[in-house]
Each structure stands twice: as structure tokens, then as C-alpha cells.
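All remarks here apply to the structure that follows.
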Amino acid sequence: MQNISDIISTVEFNHTGELLATGDKGGRVVIFQREPESKSEPFSQGEYNVYSTFQSHEPEFDYLKSLEIEEKINKIRWLPQQNAAHFLLSTNDKTIKLWKVSERDKRPEGYNLKDEEGHIKDMSTVTSLQVPVLMPMDLMVEVSPRRVFANAHTYHVNSISVNSDYETYMSADDLRINLWHLDITDRSFNIVDIKPTNMEDLTEVITAAEFHPHHCNLFVYSSSKGTLRLCDMREAALCDKHSKLFEEPEDPSARSFFSEIISSVSDVKFSHSGRYLLTRDYLTAKVWDLNMESKPLETYQVHDYLRSKLCSLYENDCIFDKFECAWNGSDSVIMTGAYNNFFRMFDRNTKRDVTLEASRESSKPRAVLKPRRVCAAGGKRRKDDISVDSLDFTKKILHTAWHPTENIIAIAATNNLYIFQDKLNSELH
């Protein structure tokens with residue numbers, strides 16, 4: 001039986017792709033490092049091995065509200081590397097922390113006033129002065145908390161995003177977005193507040209938020225109503241009035257009891273170029289052009305065969321699952337997760353798509369992933385097709401990440417992390 005605290009809740013590559021961090025429901029962060037290529041084994045590069053593990057958050061209790069605060073890591077974001085150390089932000093529902101990850105492979109020896117164990121020497125025995133020297137030692141990875149950003153969110157934090165100025169970042173909860181300076185922990189600036197005076201008038205919540213990759217004044221946030229708002233911090237201190245509103249008009253003939261639930265945006269990501277937005281709702285992934293607000297540029301059906309199953313997915317709460325999405329390094333392919341440990345990839349140029357499975361069987365070294373097909377209820381079934389009725393809805397891929405420059409992807413399937421590389425999307429090209 002799997003341990004609930006081991007379930008992976010976020011996955012994130014750093015800016016070079018050499019490090020990969022995962023957070024889990026138990027408040028732990030595990031960092032993996034990519035092994036360098038060896039001359040004897042030219043294909044060994046790409047193996048990611050555990051580099052460091054640390055406890056980022058502990059369970060807490062809010063005595064004023066009589067609420068338990070989970071230790072679960074909601075998001076991890078790396079800061080661009082400025083020196084030999086790495087820095088990352090991690091957050092649970094309430095508190096964001098900045099961590100420093102550094103290496104030590106030398107230790108000072110030969111102190112005048114301390115012995116080798118670190119005890120203070122008897123001064124009368126010190127007869128000469130010596131210069132301490134640095135001696136090699138086994139590599140140690142040290143992780144230390146540098147900042148704790150607390151007490152700024154009444155509701156649960158769902159997103160953090162580092163600005164392209166590398167000095168500020170934002171954190172978003174259901175109703176507010178705050179802007180922080182990375183060096184200042186005791187205050188933040190509220191830049192979006194959608195909380196109505198009377199909570200009974202509440203019609204939507206913020207589901208995700210992200211800074212533009214190049215313009216430090218622009219950010220986007222998505223809502224449970226399926227809208228995206230692009231905001232410009234140059235226009236006003238409080239960005240309640242958006243610069244652009246991206247919204248797809250609803251088809252009245254397709255309206256149902258579930259329309260609003262399945263149109264809620266669970267993730268939004270700027271493309272690396274900064275020109276496009278990728279969003280994920282329950283059944284589709286959409287690509288939006290920043291210059292066209294009226295409708296998405298592209299819409300991809302992730303698992304349209306579930307349309308007939310929405311009633312049972314509502315009853316078992318799966319309809320509220322929040323799937324994330326990712327761009328490849330050149331913005332030409334998008335990826336997102338589905339059920340039954342399946343994940344989907346869509347090539348924007350060729351319009352080809354593929355369904356792949358992250359499972360123990362398919363993850364043997366050098367194994368090539370076989371495309372999978374799901375046939376809708378009552379549809380014609382080919383050999384190897386999986387019936388929609390036999391999908392396992394407890395096996396869901398919510399969290400995925402794509403290496404910033406190479407075809408390496410990380411897939412979190414409950415408490416397992418799968419890393420696939422290279423020939424992966426040969427199906428697409």
C-alpha cells in the first residue's frame with residue numbers, strides 16, 4: 001500500500017535542466033542531478049540521481065481559525081543560478097520558503113585554538129602559530145533556509161512565479177495575488193484582489209498565475225470561469241483592471257450541468273518565446289496568442305472520450321482534478337497528463353498527437369514507449385485499444401515538466417517519478 005505522504009505534488013526542472021526538484025505531500029523536497037556523460041558509456045548521460053533530500057515544510061495548526069495547515073508542497077520554482085549555489089522557492093498552502101543548495105568538498109584543518117574534534121585547546125600548550133589549510137573531504141550537499149515568507153495569504157497558495165528581473169516573485173491564492181521582493185520577508189504588495197465585499201457575491205476564484213518570461217511588468221492569471229487576464233503592473237499598483245481578457249465564447253448548444261466545472265482553468269504557462277499562453281481545463285489544452293483575445297489559436301482534445309462519463313467523474317470528485325501542462329524547449333510540442341497513468345503530447349506543427357503511458361513495464365531502461373489508444377464506449381475496438389470503462393481513475397498524471405532545452409520529460413505518477421528522454425516524441429516527428 002502506498003504511503004500518502006510520498007505522493008508527488010509538484011515537479012520542476014531548473015533553468016539548465018541539470019537539476020530536477022520534486023515536492024511531495026509529506027512536505028519533502030527531493031532534488032535529482034543529471035549525471036555527466038562518461039567516455040566509457042556515451043549513452044549514460046541523462047540519468048538523474050538523487051542529489052539531496054530535505055524537509056521543506058512541517059504540518060502546522062492555525063489556532064485562530066482552528067485549521068490544520070498541511071505540509072504538502074504545492075509548488076517549487078528555481079531561481080536562475082547566479083553563483084556556485086542554487087536557490088529554490090517552495091510553498092505549501094500558506095508559507096513560502098527560499099532555500100539555498102550548496103556543495104562542500106573541503107574543510108578547514110589546523111586551527112591554532114581548536115583541536116581536530118573542535119574542542120578549545122589549553123592555551124598553555126599553544127607554543128607556535130600555524131596557518132589553517134583547506135583539506136579535501138567527501139562531497140556534502142548542504143541545504144539551508146534563507147528566507148521565510150509567511151502570514152500573507154488568507155486562502156491556499158496555488159502558484160508562485162519568479163519574475164524575469166530575478167528580484168521579485170509573486171504568490172497567488174484563491175482570491176489574491178501578492179508581489180514579494182526576494183530579500184524582504186515582512187511585507188508584500190497586493191497586486192490583485194478579487195475578493196468581493198460580500199462573500200455571497202463570489203463567482204470565481206484564481207486558479208493559477210505566472211509572470212511573462214521576458215517582460216517583468218506583465219503577468220497572467222487564470223480563473224475558475226475559464227478566463228485568462230493579462231495584467232500590466234505599469235498601469236496601476238493594484239491590477240484589478242486587466243489589460244487583456246482572454247475568453248472563449250460558450251457554445252449554448254453544448255451547455256450542461258458540468259460546463260462551468262470543466263471550463264475551469266487548472267494551469268497556465270507562458271511559452272518560452274513569451275508570445276503564447278498554454279492553458280489546461282478538464283478536457284482540453286488550449287494555446288492562446290497574446291495578440292488575440294477572442295478565442296484560442298489551437299484547441300487540443302486531451303480525453304474527449306470522458307464527455308459521456310462526467311456524471312460518474314463528478315460523483316467520485318475526479319472532475320475537480322487539476323492537471324498541469326508544459327511546453328517543450330522550442331514551443332512546438334505541448335504535454336499534459338490524463339488518467340490511467342497516460343500522458344498526452346501534441347505537435348503544434350504537424351498536428352499529430354500521441355498517448356503514452358508511464359508505468360513500471362514501460363520504464364525499463366532503453367524501453368521505447370508504445371503509443372496507447374482509448375476507445376470510447378460503444379466505439380469500434382482495435383487490438384491493444386483500452387476501453388474507456390477500464391481506465392483507472394486513481395492513477396492520474398497531474399504533474400509534468402519538460403527539460404528547458406532537450407527532449408527529456410519528468411512525469412509524476414502518484415508516488416513514482418518517471419523520466420523519459422530522447423526518442424520520446426519520435427512518434428510526433
| task | Could you tell me the distance between the Cα centroids of the stretch 58-121 and the stretch 312-357, to the nearest Å? | result | 34
| remark: In order over the stretch 315-330: 3J(HN,Hα) from phi, Karplus 6.51/-1.76/1.60, θ = phi - 60°, whole Hz, x for each Gly or Pro, gives 5, 9, 6, 5, 5, 9, 4, 10, 8, 9, 9, 8, 9, 7, x, 9
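Excluding ligands, DNA and RNA, what is the solvent-accessible area per residue of the chain at a probe of 1.4 Å, expressed in Å²?
Ligands and nucleic acids excluded, the result is 52 Å² per residue.
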| query | How many nm is it between the label spots at Val50 and Glu37, if each spot is 7 Å from the Cα in line with the beta carbon? | reply | 2.9
| remark: For Ser9, other-chain or 5+-apart residues with amide H closer than 5 Å (H placed, Pro excluded) are Gly23, Asp24, Lys25
| Principal axis lengths of the stretch 250-409 from Cα atoms, whole Å, largest first? | 48, 41, 27
| query | Where the centre of each part is set by its Cα atoms, how far does the stretch 184-215 sit from the stretch 220-284, in angstrom? | reply | 14
| remark: For Asp251 and Met292, extending 7 Å from Cα along the Cα-Cβ vector and measuring point to point gives, in nm, a value of 1.7
| remark: From the cross-link list Lys72/Lys97; Lys94/Lys396; Lys241/Lys295; Lys100/Lys121; Lys370/Lys395; Lys244/Lys295, the entries with a Cα-Cα span beyond 22 Å are Lys94/Lys396; Lys100/Lys121
| task | Treat every Asp and Glu Cβ in the stretch 12-146 as -1 and every Lys and Arg Cβ as +1, leave all other atoms uncharged, and give the resulting dipole magnitude about the Cα centre to the nearest 20 debye. | result | 480
| remark: With the 8 Å Cα cutoff and a minimum separation of six or more residues, the chain has a relative contact order in percent of 10
| Among (1) 41, 29, 20; (2) 54, 35, 20; (3) 35, 29, 25, which is the computed semi-axes √(5λ) of the Cα gyration tensor in Å? | (1)
| task | Would you grab the residues whose amide H sits under 5 Å from the one on Phe219? Only those 5+ places off in sequence or on another chain, please, with H modelled 1.01 Å from N. | result | His212, Cys231, Met233
| remark: What the Cα atoms of the stretch 97-241 span along the principal axes, largest first and in whole Å, is 79, 32, 26
| At a Förster radius of 51 Å, what calculated FRET efficiency corresponds to the Cβ-Cβ distance of Ser124 and Asn316, to the nearest 0.05? | 0.10
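Extension gain Glu142-Lys241, at 0.36 nm per residue separation less the Cα-Cα distance, in nm?
Result for the pair: 31.3 nm of gain on full extension.
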| field | Simple spin-label estimate for Cys216 and Asp115 in nanometres, 7 Å along Cα-Cβ | value | 5.4
| said: Which entries of Lys322/Lys383; Lys65/Lys286; Lys351/Lys383 have Cα-Cα distances beyond 27 Å here? | reply: Lys322/Lys383; Lys65/Lys286
| note | Spelling it out for Arg146: with amide H atoms placed in the peptide plane at 1.01 Å from N, the residues 5 or more places away or on another chain with amide H under 5 Å from its amide H are Leu98, Trp99, Lys100
| task | Per residue of the stretch 303-308, in order, report the coupling 6.51 cos²θ - 1.76 cosθ + 1.60 (Karplus, θ = phi - 60°) as ³J(HN,Hα) in whole Hz, putting x for Gly and Pro. | result | 8, 5, 5, 8, 3, 7
| Listed residue (Leu179, Met137, Met123) projecting farthest to the positive dipole end of the stretch 84-207, Cβ model | Met123
| Expressed in nm to one decimal, what extension gain is obtained for the pair Ala84 and Glu204 from 0.36 nm per residue of sequence separation less their Cα-Cα distance? | 38.9 nm
| field | Residues of the stretch 82-103 with amide N under 15 Å of a point placed 7 Å along Cα→Cβ from Leu134 | value | 84-85, 102-103
| said: Explain nothing, just compute: Karplus ³J(HN,Hα) = 6.51 cos²θ - 1.76 cosθ + 1.60, θ = phi - 60°, for every residue of the stretch 137-148 in order, whole Hz, x for Gly and Pro. | reply: 9, 4, 4, 10, 9, 9, 10, 9, x, 9, 9, 10
| query | Based on the alpha-carbon gyration tensor of the stretch 294-349 and its eigenvalue square roots a ≥ b ≥ c, which shape applies: rounded if a/c is under 1.5, prolate if not and a/b is larger than b/c, or oblate? | reply | prolate
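The values are calculated or read from the model by the stated rules, or taken from the named source; none is laboratory data. Not measured: the values here are computed from a predicted model. Virtual Cβ from ideal backbone geometry, glycine too; neighbours counted across all protein chains shown. Ligands, DNA and RNA are stripped out before the accessible areas are found, and what is left, the full protein with its side chains, is counted by its heavy atoms. Shrake-Rupley method; radii C 1.70, N 1.55, O 1.52, S 1.80 Å.
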